[in-house]
1. Tell me which residues, restricted to the stretch A:112-125, are under 19 Å from D:S11 (Cα atoms) and either within 9 Å of chain D (Cβ to nearest Cβ) or β-branched (V, I, T) (or both).
2. Can you tell which of B:A471, B:A453 is in a helix (DSSP H, G or I) and either more than 28 Å from B:W604 (Cβ to Cβ) or touching a His at 6+ places or on another chain (Cβ under 9 Å) (or both)?
3. Condition test on D:I29, is it in contact (Cβ under 8 Å) with a residue 60 or more places away in the chain, closer than 22 Å to A:L19 by Cβ and of a type in the set (V, I, T)?
4. How many of the residues in the stretch C:108-160 are among the aliphatic types (A, V, I, L, M) and farther than 22 Å from C:S221 by Cα?
5. What do you reckon, is D:E36 free of Cβ contacts under 8 Å to residues at least 40 places away in the same chain, facing chain A (nearest Cβ under 7 Å), of a type outside the set (F, W, Y) and surrounded by 22 or more Cβ atoms within 10 Å (Cβ to Cβ)?
6. Run C:V368 past the list (1) within 20 Å of C:I176 (Cβ to Cβ); (2) touching a residue at least 12 places away in the same chain (Cβ under 8 Å); (3) surrounded by fewer than 15 Cβ atoms within 10 Å (Cβ to Cβ); (4) among the hydrophobic types (A, V, I, L, M, F, W, C) and report the number of the one that doesn't hold.
7. Specify the residue that is farthest from A:G95 (Cα to Cα); the eligible residues are those in the stretch A:35-53 that are crowded, with 24+ Cβ neighbours inside 10 Å and small (G, A, S).
8. Cβ-Cβ below 6 Å, separation at least six or inter-chain, first residue in the stretch B:694-713 and at the interface with another protein chain (Cβ under 10 Å from one of its Cβ atoms) and under 22 Å from A:V113 (Cα atoms), second of a type in the set (A, V, I, L, M, F, W, C) and part of a helix (DSSP H, G or I): which pairs?
Amino acid sequence: MVLQAIFILVALFTIGCALMVVLHRNLFISALFLIASFFGVAVIYVLLEAEFIAVAQILIYIGAIATLIVFAIMLSRGMMTGRTSPRNAQALWAGLGSVILGIALLYVVAYRVQWPVVQKDVPADAIARLGSALVGRYVIPFEVASVLLLAALIGAVMIAREKEV
Amino acid sequence: MDGLLFLIPALPFLAFVLIVLFTNQDQKVSAGLTIGATAVSWLLGWYFAFRAFFDPHGVAEEPIRLSIPWFPGGYSIFYTGFQVDVLTAVMLFMVPFLCFLIFVYSVGYMEGDPRFSRFFAYLALFATGMLGFILADNLLLAFIFWELMGVCSYLLIGFWSFRKPGETHIDHAQVKRARAASIKAFITTRVGDTIMLAGMVLLYAMTGSLRWSEILAPETLEKLADKIVSMPVFGVAPWATVLAILIFWGAIGKSAQFPLHVWLPDAMEGPTPVSALIHAATMVSAGVYLIIRTFPLFHVVAEGSNSAMWFVAFIGTFTALFAATIGIAQFDIKRVLAYSTISQLGYMFAALGIGAYIAAAFHLLMHAFFKALLFLGSGSVIHAMHHGHHVSHEHGHGHEELPIEFNPNDMRLMGGLLNKMPRTAWTFIAGGLSLSGFPLITAGFWSKDEILADAWHGGHMIVFWTLAIAAFVTAFYTGRQIFMVFFGQPRSEAAKHAHESPNSMTVPLVILAVFAIAAGWVGIPETFPGLGAVVRGWFQSLMGAQLEALHLEHETLPFNAAPLLISMTMAVGGLFVAWLIYGRKPLGYEDPLARPLGGLWQAWHNKYWVDELYQATVVAFAKWLAHFLYNFDDRWVIDPIVDGVGRYGRRFAGAVRRFIDEQIIDRIVNGTAWVSNVLGEFLRQIQTGQAQNYLLAILITVTVLIVLGIGVG
Amino acid sequence: MNPLDPRILGEWWNTFLRGLGLAEGWIVFINGLVVTLILLGFGLTSVIFLIWLERKFAGRIQDRLGPNRVGPYGLLQTVADALKLMTKEDITPDNAERVTYNLAPGLAVFAVLMLLVVIPFGPGLIGVDLNIGVLYIVAMGSIGIMAALMAGWASNNKYALLGGFRTVAQLLSYEIPMVLAMSVPVLFAGTMSMHGIVEKQARFQWFGLIMPAAFLLYIISALAENERTPFDLLEAESEIVAGYHIEYSGMKFAWFFLAFFLNTLILSAIAATLFLGGWQGPFVEQVPILGVFYFFIKTTAILLFFMWVRATFPRLRIDQMMALAWKVLVPMGLVLVLLAALVVKLPIPGLLQNLILFVTNIAILLFVLGAVGRHLRKEAERYKVRYQVSGIR
Amino acid sequence: MIPLSWFLAVSAILFVIGFFGVLSRRNAIAILMGIELMLNAVNINVLAFWRYTQPENPAGLVWAIIVITVAAAEAAVGLALFIALYRLRTTVNIDEVDLLKG
């Protein structure tokens, strides 16, 4: 019961923050709500007993991605004066479509599918298993991801670098 | 040793990486890297190939494999890797060997080009693609390497698509042509590849696997043959047929079959070694290889209702004759060969279409040898013409007056080169004889005869006679080419000053000439009188092992003199007629056939106007569509509607002003305008260049699909 | 149970609660609350002492007396300062983004306070023994960056914004060597649990002694993470006035101040835990309560070292700061991690492993110091030439 | 035990919200934020299925980590692009940069 109550609170918090992210006019505030929403998602991960991912979420999403986003917002600061609308012409249609899609998805999730759920505990050595899986069975995806990161690192530096005059 | 399988494609790739990253500055090291890596791949390849040759049944039943888990997909893990069975071994005998020879040849041919290193980097990358493709043990990996070849082809066709300052050997027009040709090649083959990708996705959806050993297993094929799909327009067909035809489209694009053949002749803008390697011997035959590889999928549906085989046979036969006739009326030495390649690939598809698996593989192999030889020979000729042109200019022979513009590829300006460059000439003639199927001694004769015999034996008379006529035409244009280039008198200063090419170019020619003649002897049928007893159909029994492993029946054809004699007559007759027209008397700058044949000649010379047709239809349609959508509201719909309605409304209002309130009319007019405006705006959304609009379309589509899904199921 | 084990207190407390007839869920809840309160109380009060210590210590180094008026030895000086700050006017600039502006100081303190939970003060004395403790520390550390960014942006002041930028650049850059340094003990101990790491350092196998290079790496990056001298150019008065908290005054400024000193304390505690054996020491097995004592001794030693550095060194230039992180510390950290991973996998007895690690660490340290020294000498030479040319000596 | 469908519902809602952000915002950075929300939703889904079907198999965790990695790479490159774009055009509004030629 307590868990369920916590889940509902966290879920509402997360969804509310996410809504503010897409609705708020001020981009900086949007980004702050994004961080809050990331935090909520991290708590959801904890509720799923994936503590490692939760901490990784905080470390990477809040510590790195959100910081980068805020940084980028500050660097393109002229954009936030609010002279123009933050939304484009199709926002209404997009909203309508999103709502319908959301309702359809919720309907499917709630009524249409019987997921094969098993009642099992997360093994105590889940993180150790994750570690050996990353360098064992999933070593190729892991390596590909690291190459991707390297490429992104170099690419980002090259793109954002100011041309030497 | 099996673990080293991956090295065969990996070594050239390593060479590519090293050249691009490090040795780009040093031409010698770059060429050395590529050639060295290919040489090692060649040795490794032959090791595996000969293992298969010595134990064909064992290897066919239990291919040499190297497989690793690639990525987990749902409930299973997608394995990928390389394998060598008999079919791969046959290709593995040919591909790295040809690569090696042609790379050596390129050292001489490309000498002095400022992008020498880059050329070798691309070649190495291409070798990776081709070797990986033939070794791949599943369709997805094969497709990746297939696309890699496509990229290399694009890069190499457009190799001279820009000119560095101070480069003299290419002119502006050539640069433009190279650009257009590379884009054309890329886009045309993409059409086939996209259809093939669809086939691949469907295949995966149907079978849950893409490994050859699993999708070609008899039980899987049975399942595919039994399941029926009904489609709009095309009607009802088994899944196997649908998948086979979809995959065949990939081969049509890659092997330049009608209607996607248009890119290959233009691809001759690339350097000649590229034409030899990619656009004659290996990449274009990859399409044939793919169909040979997936042959059980084509073959599984019962004969009679098998429209996949019928389709393959039709395309192949039609292309064989179609391209051969165009070849008669070309003047560019390489274009003749290009059309000949298309035609010969058509032969192979025709063979596959009538079920002649072994004959197709045999012709594929032989064709690779003699066509590579012909291209390299033509490269040597062009090289010589280039130098001759240069020399004649330098020595003040000055401006000769030619009725046509100078072009080193133009056969009308050649002639009499036999004495100037004997090695090139004799090897070229050997290749030409092989191509035209000169009886008994040449490789081309044996492989072509095999196809014709199969067609005769199987009772496919239309196929047989079309191919026989194509054989005659082939012999004719080959003879025409040989007589125009090497015999008679030189018809330009350049031809007078031509001289033999360096050793690095002629040695590969000689080696290839040996293969172009002698390689065919391995496939002399066992039943052939006299000779057959010596060879005992070695190649046939080799491939037979592969067929048995695929659970397909394979029979030794009884000897039949009729197709043999027809084939011999066609070959010798074609050459003889060519001699009558082109060899007997000195030639001018106009083709002796052009006048008597008139319109037909024009049709051939202009390639049946297929290019123009595409320009007028496909390309124009695409442009028109773009224009249409852009202009839709502004010009054609809204303005007339608004104007018309407005005019009508005003007249109407003038007539009945007293009776009807002006407001209503105004509203109708405005409302109509508004409706058309909204409509126009909406239609304009289709092509706005803004990703968000497209995403909205995706959102709506997905939503509709999900809602429909809820409603239906 | 050993009467000198601090855990006995917990046992007693739990029996007491059960005696009151509470449900198990409530006991967990109350325990959580109590632990939180204890940690909060400890953190906040120790800061008061810490500020006094810092001022006194700096005073002594600089041959002054330091605070000596309020209370005995000036002990109540900090309390007086806190009272002053609380009663000062709380100013919010007109064009500031109010919500963010007010949230930032809270977030700064929050990020630091969260860390107290995983610090093992003694055997069994730990808020929560997370099995991913070290990763948790790193993750929480990254929240502090957001606080600085928010403060810098919301103040609507160009110096504050610049300070915010500098903070992000510095903290992000030094987070990487810090994580690398922290992963060396993690690799060696084979666990990310703080308690587990301490337990692996029994019998003076302190990781700081085995791997001095990693320890030094951690200390340097901790200095930077804490925005302490010589890395305090984020609030360099002479350049950007006071960095991201320029507009803050009164209580909100006090929050930043609090976060700063709390961070110092916690970074020292983490250093003591990861590298100096935490509560390990002689006779801890017999008298577990001694562990708390050892832990505080070690923490205080590191604290004093930090203060010593602050009182002694001038600050770096921003380019020097970045260069140090990316060109020296990150490569060094990578090498150290690789080294530790290799040695751990060597099939040799533990003592030999320690020896190899020690020797190689010293070698790496010497090499790095040598390289940096050579570079600096060259740079100094260049400057000398330049000044001679321009006539300045 | 919290029912699986609750997690899926939260994930679905988060995904739709993120998608709405992607579709409706003009600012490229805001679009990126929408994408991040969508990726988070995906991760919730992945982890929920991991927890409720195969908690002993680390595949779900691996997948989640790779999603996070990709998100980080994407954010870095995306933001670098936007900064370059801002420098070039002084705008990061996506509907003002619909030309292929600069």
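1. The answer is A:V113, A:W115, A:P116, A:V117.
2. B:A453
3. Spelling it out, D:I29 is indeed in contact (Cβ under 8 Å) with a residue 60 or more places away in the chain, closer than 22 Å to A:L19 by Cβ and of a type in the set (V, I, T).
4. Of the residues in that region, 8 qualify.
5. In short, yes.
6. (3)
7. Here the residue is A:A50.
8. Matching pairs, first to second residue: B:T703/A:I100; B:T703/A:L101; B:I706/A:A104; B:V707/A:A104.
The values are calculated or read from the model by the stated rules, or taken from the named source; none is laboratory data. Model, not experiment: these values are computed from the prediction. We place every Cβ from the backbone using ideal geometry, glycine too, and count neighbours over all the protein chains shown.
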